[in-house]
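Visitor: Can you keep this structure in mind? I'll have questions shortly.
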Amino acid sequence: MPRLCFSDLRRGIQLGIQSKILYLGQTLGLLWGSALILGAGGAGAVDQVQVDWGVLKTTVTIADLEAVATTGQVPPHLRFYRPLLTVAVQQTLTNPLSLDPAISDRFITELLTSSNGQHLLERLLAVVPGVNPEVLQEAIQTAAEDENGFNILAILRALPGETLTLEGRKLLSLLVQLGLSHLEQAALSGVLNRALEATPVVDTTFDPATPGPVEFKLWSLKVRDRDRDRSIPIDVYWSRHTRGPLVILSHGFGADRYFLAYLAEHLASYGLTVVAIEHPGSNVAALSESTGAILPAQEFVDRPLDVTLVLDRLAEINQTTFPLRGSFNLEEVTLVGHSLGGYTGLVLAGARPDQQALTHFCQGLQTNTLTPADWLQCAATDLVLPDQSLADDRITQLVVMNPIIGQLFGPEGLRQITVPTLMVTGTQDSVTPITTQQLRPFDQLSGPRALVAIIGGTHLSVGDPKNINPALTRIPFMPELPTEETAQLRQYLQGTVLSFLMQQTPAAHRYQPFLSATYAQSFSTEILPLRYSNHLPEPVSRWLWAQENLHRYLTPTWERVASLAHLELIGLQQQFGALGRRAMARFPLATTIPVLFGPPIPETPEPQTAYTAISEGAYPIRE
């Protein structure tokens, strides 16, 4: 079996295997639902599908559907399916899901043998009652070895028989859930966009997003932990005249220490020392080189231990290595983590995993609401936590980007986080959805906090484009944005993350203005509006509260319907409010109102910097 070299893996697969698992589940469900899980011809393959609606049955042939996939034209007798035959469906039928053979075997094993995988297959098999689990498993195994790539057609070619019968009502339920989920994200994006909108004010005299003047060096080494038989690669970005807190970068699942390389270089250009850690049990290389579970439960403990070990080793280097002596400020450490790296930072800052709450959540998972973050966090149900805390009091700040949080810490776990925390979220993140993975957890933090909302942002929008496979921007149902559309975002993150870090330095006042809604707005684009706030808008908080209560009384489908209706109502209220404000601004008697009713209430003067700080009065400034 051919092996995939590390550099190709690093540049080829950053999203991680979790996206592949959900992609297959969503694609199978949607294609079955739209009568597209059909054979493509050939001996023994399915050549037509029958959708059973009870008293009504519909039969569709492969030839018609292949024509839809290749031309985009829907024949007259398929008008009933026109709303379901979207461009994404057409692409999914033929787009291959690229998996290296070494990764493919583990992916298939995980899907077919894990509890989450079995649960997913059971729900999907209910849609196709004529196919037994063994037949479907064999078809998936065969499709993974198809020379044309692992796609829907490959699965269909491997299914036996001439006609495939689908259970229409169960299929419709699955389809409705998938559709409502996308509509809900779109509605939430609009609500956050309007609620957090600000007037951009740009200070042209200084912009922390521009490269700094400091020349830095890159030093790579490995830190060895003999007790855990673990070798941890790190990259150190340093300069002779270092300042500010030490910065630790922790990548997400299936990525590596290069994922935020552009950010590391920017911070180092301002004199900060940055250490990018690679976690060997959940990096991109582990997907092809390891055996067993795709994400071992022990990794939820090993990752925080990796960081603590590296900090201990840096303390030794501070004393013993002349060129780097004094380069590491171990009294003030900021951890910047993406995805599973966000979880890593939260644990180190004091949050303790709650396995009882997690187990309860994972036992009640519904396939039609399953996300990659759910899949990953449920891998921790078998975790054996050490008696001692995993927290490290050297962590004094957190920046968590698209973090995996969900139910990992239970209702009280995040309240243990008291360090200043900057959370970055994307409203179109299909891997770690904003509602369960960021918004609700953000509200549970106890310390100073701020939220950056990337309206339309996806899971990889914050990553270094040189280390992300362009093919991932074209995966149907889990699209990532092209590099050129996220350039402004990365520039903004350079300025904002730097400003956040510099709050622990004597230069805090100079950088404080850039922790603001107005600075974020100045980097917004039509495709990716950027919003900043140190609290959730009141309408969003009410919506989250309503969601928690609806969950107790409604089925998942009706819960989504009610949630979507609530968001749409909030959106209408915002639009009417904006219309009212514009009308009042143009009202011809506006100038006479002070005469009739007395002088107006004076507006709060803008601070001299024209920006709002991360949390007024809550952030100690060190002079």
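The values are calculated or read from the model by the stated rules, or taken from the named source; none is laboratory data. This is a predicted model, so every value here is computed, not measured. Cβ sites come from the backbone with ideal geometry, for glycine too, and all protein chains shown count toward neighbours.
Visitor: In the range 436-464, how many residues are out of contact with any Leu (no Cβ under 7 Å at 6 or more places or on another chain), surrounded by fewer than 24 Cβ atoms within 10 Å (Cβ to Cβ) and under 21 Å from residue 559 (Cβ atoms)?
Guide: 1
Visitor: Within the range 245-270, can you find the residues that are touching a Phe, Trp or Tyr at 6+ places or on another chain (Cβ under 8 Å) and either of a type in the set (S, T, N, Q) or assigned to a loop (DSSP other than H, G, I, E, B) (or both)?
Guide: Correct list: 251, 252, 269.
Visitor: Related question: From (1) assigned by TED's automatic domain parsing to the domain that holds residue 190; (2) assigned to a loop (DSSP other than H, G, I, E, B), pick out the condition that doesn't hold for residue 570.
Guide: (2)
Visitor: Starting from residues that are assigned to a loop (DSSP other than H, G, I, E, B) and exposed (fewer than 12 other Cβ atoms within 10 Å of the Cβ), keep the ones in the range 62-82 and report whichever is modelled with the highest pLDDT.
Guide: By that ranking, first place goes to 73.
Visitor: Taking the range 416-435 only, how many residues are among the polar types (S, T, N, Q) and surrounded by 23 or more Cβ atoms within 10 Å (Cβ to Cβ)?
Guide: Of the residues in that region, 6 qualify.
Visitor: What is the number of the single condition among (1) crowded, with 18+ Cβ neighbours inside 10 Å; (2) in a helix (DSSP H, G or I); (3) touching a residue at least 24 places away in the same chain (Cβ under 8 Å) that residue 575 does not meet?
Guide: Going through the list (1) crowded, with 18+ Cβ neighbours inside 10 Å; (2) in a helix (DSSP H, G or I); (3) touching a residue at least 24 places away in the same chain (Cβ under 8 Å), residue 575 breaks only (1).
Visitor: Taking only pairs six or more apart or across chains, which ones have beta-carbon atoms under 8 Å, a first residue in the range 262-279 that is in the same structural domain as residue 462 (by TED's automatic domain parsing) and over 13 Å from residue 214 (Cα atoms), and a second residue that is in a loop (DSSP other than H, G, I, E, B) and among the charged types (D, E, K, R)?
Guide: The qualifying pairs are 262/464; 263/464; 276/257; 277/257; 278/256; 278/257.
Visitor: All but one of (1) part of a loop (DSSP other than H, G, I, E, B); (2) closer than 27 Å to residue 322 by Cα; (3) of a type in the set (A, V, I, L, M) hold for residue 276; state the number of the condition that does not hold.
Guide: (1)
Residue-by-condition table, conditions (1) touching a helix residue (DSSP H, G or I) at 6+ places or on another chain (Cβ under 7 Å); (2) assigned to a loop (DSSP other than H, G, I, E, B); (3) under 29 Å from residue 389 (Cβ atoms):
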position	(1), (2), (3)
436	no, no, yes
453	yes, no, no
459	no, yes, no
480	yes, yes, no
493	yes, no, no
498	yes, no, no
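Visitor: If I go through the range 532-547 residue by residue, how many of them are under 28 Å from residue 461 (Cβ atoms) and out of contact with any Ser or Thr (no Cβ under 8 Å at 6 or more places or on another chain)?
Guide: So the answer is 9.
Visitor: Could you say whether any residue in the range 373-393 is without any contact (Cβ under 8 Å) to a residue 24 or more places away in the chain and of a type in the set (D, E, K, R)?
Guide: Checked the range 373-393: at least one residue is without any contact (Cβ under 8 Å) to a residue 24 or more places away in the chain and of a type in the set (D, E, K, R).
Visitor: Another question, if that's okay. For the range 551-563, state whether one or more residues are crowded, with 19+ Cβ neighbours inside 10 Å and of a type in the set (Phe, Trp, Tyr).
Guide: no
Visitor: Hey, among 425, 432, 505, 418, which residue is free of Cβ contacts under 8 Å to residues at least 60 places away in the same chain and among the β-branched types (Val, Ile, Thr)?
Guide: Residue meeting the stated conditions: 425.
Visitor: Moving to a separate point now. Would you check which residues across the range 209-238 are part of a loop (DSSP other than H, G, I, E, B), in contact (Cβ under 8 Å) with a residue 60 or more places away in the chain and either among the hydrophobic types (A, V, I, L, M, F, W, C) or in contact with a Gly (Cβ under 6 Å, 6 or more places away or on another chain) (or both) and list them?
Guide: 209
Visitor: Something else now. Which one of 386, 403 is of a type outside the set (A, V, I, L, M, F, W, C), in a loop (DSSP other than H, G, I, E, B) and surrounded by 23 or more Cβ atoms within 10 Å (Cβ to Cβ)?
Guide: 403
Visitor: Continuing with the same structure: Regarding residue 301, is this residue surrounded by fewer than 21 Cβ atoms within 10 Å (Cβ to Cβ) and assigned to a helix (DSSP H, G or I)?
Guide: Yes; evaluated as a whole, the condition is true for this residue.
Visitor: Which pairs turn up if I take residues in the range 529-549 that are more than 22 Å from residue 426 (Cβ to Cβ) and look for partners that are of a type outside the set (A, V, I, L, M, F, W, C) with beta carbon separation below 8 Å, at least 6 apart in sequence or on another chain?
Guide: Correct list of pairs: 546/563; 546/566.
Visitor: Which of the residues spanning the range 520-567 are part of a loop (DSSP other than H, G, I, E, B) and farther than 20 Å from residue 365 by Cβ?
Guide: Residues of the range 520-567 part of a loop (DSSP other than H, G, I, E, B): 523-529, 534-537, 551-555.
Matches in the range 520-567: 523, 524, 525, 526, 527, 528, 529, 534, 535, 536, 537.
Visitor: Identify, please: which residue in the range 346-373 is surrounded by 21 or more Cβ atoms within 10 Å (Cβ to Cβ) and part of a loop (DSSP other than H, G, I, E, B) and is, among those, modelled with the lowest pLDDT?
Guide: Checking each candidate, the answer is 371.
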